[in-house]
Amino acid sequence: MPKSLLISYPIMSSCLQGEIIISFMNITQASIVPEIEEFLINKQRQLKEELLELDRDDPVLANHVAEVSELGTESWEADVHAKLVLVKNNLNKMYLRVGYCLKMIKDGTYGSCEKCGKAISLDRLKALPTATYCSLCIHSS
Ligand SMILES: [Zn+2]
């Protein structure tokens, strides 16, 4: 068997719906993908819960008062609301990113750098499961 075939040996991995997908990543990467997928699914659920919780804590959403307020208690509410919006934006970005990575796992493109196409190192994926750039490209971008 030619060496190149060994490197891109098709690995069968089952995805969420129980269907079989074939991904062409290297074997060491593929071995940790189910673990990462599970982590990302949990992370996605956790982020969703946090986002819902923030909505419940938001005085503006809870009381249906205007976002821009004038004096008194409403300015406190607007203040809290503004801070929550910032937190929510960050969580939302993370949520979308996690979803994007889960899609990459299903598509079999997870683990390859989006810029240069090379495999992202195992250490990098373990430390940062939502990494889509290799360590070289992240520093050059
Ligand atoms: Zn790269």
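The values are calculated or read from the model by the stated rules, or taken from the named source; none is laboratory data. Since the structure is predicted, the reported quantities are computational estimates derived from the model, not experimental observations. Here the Cβ is made from the backbone with ideal geometry for all residues, glycine too, and neighbour counts use every protein chain on show.
The residue list T73, T109 contains one member that is at pLDDT below 95, away from the ligand (no atom under 16 Å from the Cβ) and polar (S, T, N, Q), which is T73. Cβ-Cβ distances below 7 Å connect the following pairs, each with a first residue in the stretch 79-102 that is of a type in the set (D, E, K, R), a second residue that is surrounded by 13 or more Cβ atoms within 10 Å (Cβ to Cβ) and in a helix (DSSP H, G or I), and a separation of six or more residues or different chains: K88/L51; K88/L54. When each of E49, E37 is tested for being exposed (fewer than 14 other Cβ atoms within 10 Å of the Cβ), under 22 Å from the mean Cα position of the chain (by Cα), acidic (D, E) and at pLDDT 90 or above, the lone residue that passes is E49. The residues in the stretch 110-119 that are in contact (Cβ under 8 Å) with a residue 40 or more places away in the chain and either within 11 Å of C134 (Cβ to Cβ) or surrounded by fewer than 16 Cβ atoms within 10 Å (Cβ to Cβ) (or both) can be counted, and the count is 3.
Residues in the stretch 120-141 that are in a helix (DSSP H, G or I), within 15 Å of the chain's Cα centre (by Cα) and surrounded by 14 or more Cβ atoms within 10 Å (Cβ to Cβ): R124, L125. Taken over the stretch 118-132, the criterion of being closer than 12 Å to F39 by Cβ and touching a helix residue (DSSP H, G or I) at 6+ places or on another chain (Cβ under 9 Å) is satisfied by L125, K126, P129, T130. Could you please find all residues in the stretch 112-141 being more than 12 Å from the ligand (Cβ to nearest atom) and of a type outside the set (S, T, Y)? Residues satisfying the conditions are L122, D123, L125, K126, A127, L128, P129.
Taking each residue of the stretch 121-141 that is β-branched (V, I, T) and looking for partners that are more than 9 Å from the ligand (Cβ to nearest atom) with beta-carbon atoms closer than 7 Å, six or more apart or interchain, yields T130/R97; T130/V98; T130/C101.
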